[in-house]
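The values are calculated or read from the model by the stated rules, or taken from the named source; none is laboratory data. What you are looking at is a predicted structure, and each value in this text was computed from that prediction instead of being measured. Using ideal geometry, Cβ is built from the backbone for each residue, glycine included, and neighbour counts are taken over all protein chains shown. Side chains included, ligands, DNA and RNA excluded: accessible areas come from the protein's heavy atoms. Shrake-Rupley method; radii C 1.70, N 1.55, O 1.52, S 1.80 Å.
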Amino acid sequence: MTKLFIAKIRSAAGTKPLVTVRAAAEGEARLFLEAAYPEDEIVDVAGPSGWASDADTGSAPGDIREHAGVEWQAPSNHAN
């Protein structure tokens, strides 16, 4: 079963919009993100905490979606 993770990703052009990824665990989420964004820095990955959206976040392992217009905000229970 997969869980939803949110990620903050920085490219040479700046910070990308919020990215979500489906994975079994945070380590697996990072692997999927590193494969999808090989030239970019994966700044942070966290569980979504209170983040809610009606956007499609996928359901299969490795589903990665960018959410235009949504900026990263660290979950309140996630140390930065």
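Counting 0.36 nm for each residue step from Glu66 to Glu41 and taking away their Cα separation leaves a gain of 7.5 nm. Of the peptides 28-37, 50-59, 10-19, the order by per-residue mean of other Cβ atoms within 10 Å, starting with the highest, comes out as 28-37, 10-19, 50-59.
Computed extension length for Glu34-Ser59: 7.1 nm, one decimal, from 0.36 nm per residue of separation with the Cα-Cα distance subtracted.
With the dipole of the chain worked out from charges on the C-beta (+1 for Lys and Arg, -1 for Asp and Glu) around the Cα centre, which of Ala36, Ala12, Pro61 lies farthest toward the positive end? Farthest towards the positive end: Pro61. Give the relative contact order (percent, whole number) for the chain; include only Cα pairs under 8 Å separated by 6+ residues. Relative contact order of the chain: 37 percent.
Of the solvent-accessible surface of the chain, computed with a 1.4 Å probe and all protein chains present, 48% belongs to carbon and sulfur.
What number comes out for accessible area per residue over the chain if the probe is 1.4 Å? Units Å², please. Accessible area per residue, the chain: 59 Å².
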